[in-house]
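> I am attaching a structure below and will ask some questions about it afterwards.
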Amino acid sequence: MKNNIINEEAIRTLKTQRSFRRGDIFVYAALAALIAALFWAFVFARPKINLGAINVFHDDPIIGETLVFQYSFASDSYTIDDAWTDRVHSIRIDGGYTVRFDGLGDSADGFNLLTILDSGEAFMLDADCSRRKDCVGFAHIRHGGSVIICVPHQLTVVGEGGVYNEEPGEDPDGDVDLVLG
Amino acid sequence: MQTGHLRRVQAAFLIGALTLLMLFAAPAAVSDSPNPAAYTTKTKQSTAFFSTTVALSVQDDFSKEKNVRKFEDCWQEVKDVLRDIENAVSVSNPDSDIALFNALPEGGSMTITEHTANILLIVKDMYAELGGMFDPTVAPLVDLWGFTPRFNTNRYQPQYPYDPPALTNGHTVPDERYVGGFKRLVNFDGIIITGDTDTGYVLWKEIPSVEIDGVLYQAQLDLGGVAKGYAADVMRGILDGYGYTHGYFSNGSSSMVLLRNASPDAVADGTKAFTLGIRKPRDGANEQSGYTTLQIRDRALSTSGDYDHSFTADGIIYSHIINPATGFPINMPKDGEPQKGIAMATVFSDSAAVGECLSTALCVMPLNDALDYINSIERDITVYMVLYNAAYDFYEVISSEAAENITIRDPAYVPASETDAEGNIVYTGTLLN
């Protein structure tokens with residue numbers, strides 16, 4: 001009996017209680033703020049890297065083309081071809097890596113320095129390929145499809161993939177289709 | 001009764017036949033009618049030509065297997081023709097027309113193949129129109145200043161008496177006697193073309209040789225830049241032949257031909273245009289690689305400048321673009337003055353080959369001559385130029401485009417031209433006054 005009365009009273013209390021109390025407003029506001037912050041952080045504030053990987057190829061007249069080095073932005077890891085482990089070295093720098101390729105060119109003693117940035121960029125920092133150093137002058141790779149080539153050292157650096165694009169040459173995250181220069 | 005019944009049968013038969021015809025024809029009509037909204041993009045690149053990256057990008061309905069195959073065929077033909085052109089005119093190929101012609105003595109002649117002849121005929125016209133400011137016989141000077149392919153290797157060996165013993169990061173200005181002597185080899189009037197497409201073309205070297213320190217030097221040709229533009233024009237012809245209307249071909253990103261753009265945004269806004277950025281010849285105030293962006297389609301694009309194939313020594317930029325009149329790279333500073341001049345010239349036209357000649361010559365001409373030339377010609381071209389003065393930390397942009405249509409993306413690049421009532425470009429800046 002007593003239990004029933006208590007239960008009935010409890011039920012009545014619950015029923016007559018206002019469904020929305022003043023204190024609840026703060027809870028809801030905090031929750032909304034949290035959701036908004038998470039949304040912003042994951043959708044807008046996350047740095048948009050438009051690159052999936054950096055591939056470095058070497059073209060040998062006899063062996064042909066070898067994928068010498070590959071860096072993946074997603075896993076922040078790289079691989080070096082077995083035959084090249086004594087000639088390719090990577091060091092961590094502030095904001096990325098600098099990768100050194102040695103033993104290049106006809107005299108087998110040339111080098112290239114490739115910088116890869118966590119922000120989704122890659123460029124040739126330096127090389128001793130020639131006086132002109134055309135490879136250093138190439139536009140920086142910022143999206144899949146862009147290339148940097150060093151002709152005397154037979155190196156080709158290719159940007160691959162990206163967050164949004166499947167086809168090389170497109171840059172949907174940037175606002176430019178092509179760069180003339 | 002019989003006649004009426006026959007008529008109805010005939011009518012039914014006719015209607016039935018027409019219906020069947022439409023049913024069979026309709027799918028074919030629908031599938032063949034171009035629908036750019038359904039297009040996707042395929043791009044192929046190669047680094048095997050002209051020592052640079054060439055890119056062929058085409059937009060088509062690639063959900064159909066036949067269109068995928070068509071693109072593969074087109075790419076193969078593109079590569080084959082690029083190889084033909086390069087084999088004909090590249091000095092890196094010892095059997096090319098140009099390599100063999102360069103080896104000829106004064107007074108020599110030889111038959112040349114079609115691509116070589118086509119390029120030289122275009123150059124003949126442009127040489128005359130540009131008052132000699134574009135002249136491929138600067139080749140010996142290009143070699144003297146170290147810009148030919150043989151210097152672009154780490155196995156360099158000195159070959160000629162004027163060669164530096166080794167390639168170092170420093171630079172020595174070549175011996176004045178060679179600059180002066182090789183200047184006498186610069187004279188495209190002395191390169192004569194005879195014949196026609198039926199009988200074939202013959203090329204004559206009627207430029208007297210020059211002797212320096214007991215060594216005889218002959219006139220030479222360097223068709224590098226204009227050959228890239230010519231190749232782009234030929235590629236557009238190939239794309240037309242395959243029926244492509246959307247896409248582009250880029251030859252080293254300094255020479256391009258654009259068709260239309262079928263990307264979803266371009267189709268949606270009705271422009272079917274590409275958004276093009278023109279690369280900065282110098283680092284500016286922000287990291288974007290273009291100093292301006294614009295919408296463009298169905299055009300040939302060319303650009304030349306002192307930032308590409310050049311080296312800097314003692315703060316002076318030595319460009320591979322040689323001034324035919326002085327024998328020196330463009331923009332050599334006068335004593336006591338900062339280096340200044342036209343850093344980059346960009347031309348939009350109907351022919352990439354013509355654009356190459358124009359953009360190169362505009363870098364060579366003094367600014368006033370360049371503006372006079374642009375204002376006087378009848379050609380349908382659009383020009384952008386970037387001026388610099390080493391004493392200042394900003395750059396000026398001159399364009400034949402109306403000021404309100406130009407979008408500059410970097411505050412370090414300042415518009416410095418107006419179009420007057422007659423449509424002439426007027427320089428309003430300060431760097432080159």
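Yes/no per residue for (1) in contact with an Asp or Glu (Cβ under 9 Å, 6 or more places away or on another chain); (2) at pLDDT 95 or above; (3) among the acidic types (Asp, Glu):
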position	(1), (2), (3)
B:366	no, yes, no
B:370	no, yes, no
B:378	no, no, yes
B:384	yes, yes, no
B:387	yes, yes, no
B:398	no, yes, no
B:403	yes, no, no
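> Taking only pairs six or more apart or across chains, which ones have beta-carbon atoms under 9 Å, a first residue in the range B:194-221 that is β-branched (Val, Ile, Thr), and a second residue that is part of a strand (DSSP E or B) and open to solvent by 80 Å² or more (accessible area, probe 1.4 Å)?
B:194/B:204; B:202/B:111; B:210/B:216
> When you go through B:3, B:40 one by one, which is the residue that is at pLDDT below 95, within 14 Å of chain A (Cβ to nearest Cβ) and open to solvent by 60 Å² or more (accessible area, probe 1.4 Å)?
The match here is B:40.
> When the range B:82-118 is examined, which residues are found to be open to solvent by 30 Å² or more (accessible area, probe 1.4 Å) and assigned to a helix (DSSP H, G or I)?
Matches in the range B:82-118: B:83, B:84, B:86, B:87, B:100, B:103, B:114, B:115, B:118.
> I'd like to check something: does the range B:228-248 contain any residue that is assigned to a loop (DSSP other than H, G, I, E, B) and under 24 Å from residue B:304 (Cβ atoms)?
No, the range B:228-248 has no match at all.
> If you check B:395, B:413, which single one turns out to be of a type in the set (Phe, Trp, Tyr) and within 15 Å of residue B:363 (Cβ to Cβ)?
Within the list B:395, B:413, the selection yields B:395.
> Condition check: open to solvent by 40 Å² or more (accessible area, probe 1.4 Å), of a type outside the set (A, V, I, L, M) and at pLDDT 85 or above. Does residue A:173 satisfy that?
no
> Can you name every residue in the range A:148-158 that is surrounded by fewer than 21 Cβ atoms within 10 Å (Cβ to Cβ) and either in a strand (DSSP E or B) or more than 10 Å from every other protein chain (Cβ to nearest Cβ) (or both)?
Listed by number, the list holds a single entry, A:149.
> Quickly run through the range B:43-60 and pick out the residues that are within 7 Å of chain A (Cβ to nearest Cβ), touching a residue at least 24 places away in the same chain (Cβ under 8 Å) and not in a loop (DSSP other than H, G, I, E, B).
Once the filter is applied, which keeps residues that are within 7 Å of chain A (Cβ to nearest Cβ), touching a residue at least 24 places away in the same chain (Cβ under 8 Å) and not in a loop (DSSP other than H, G, I, E, B), the range B:43-60 yields B:53, B:55, B:57.
To keep it simple, each residue is scored yes or no on (1) modelled with pLDDT of 95 or more; (2) loosely packed, with under 14 Cβ neighbours inside 10 Å.
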{"site": "B:176", "(1), (2)": "no, yes"}
{"site": "B:180", "(1), (2)": "yes, yes"}
{"site": "B:183", "(1), (2)": "yes, no"}
{"site": "B:186", "(1), (2)": "yes, no"}
{"site": "B:191", "(1), (2)": "yes, no"}
{"site": "B:196", "(1), (2)": "no, yes"}
{"site": "B:201", "(1), (2)": "yes, no"}
{"site": "B:212", "(1), (2)": "yes, no"}
{"site": "B:219", "(1), (2)": "yes, no"}
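> Out of B:342, B:374, which single residue is open to solvent by 10 Å² or more (accessible area, probe 1.4 Å) and at pLDDT 95 or above?
Within the list B:342, B:374, the selection yields B:374.
> So, one more: Of the residues that sit in the range A:117-142 and are in a loop (DSSP other than H, G, I, E, B) and closer than 16 Å to residue A:54 by Cα, which one is farthest from the other protein chains (Cβ to nearest Cβ)?
It comes out as A:118.
> Name the single residue, out of those in the range B:270-291 being at pLDDT 90 or above and more than 19 Å from the chain's Cα centre (by Cα), that is surrounded by the fewest Cβ atoms within 10 Å (Cβ to Cβ).
B:270
The values are calculated or read from the model by the stated rules, or taken from the named source; none is laboratory data. Model, not experiment: these values are computed from the prediction. Here Cβ is always computed from backbone atoms with ideal geometry, including for glycine, and neighbour counts include all displayed protein chains. Heavy atoms of the whole protein, side chains included, go into the accessibility calculation; ligands, DNA and RNA do not. Shrake-Rupley method; radii C 1.70, N 1.55, O 1.52, S 1.80 Å.
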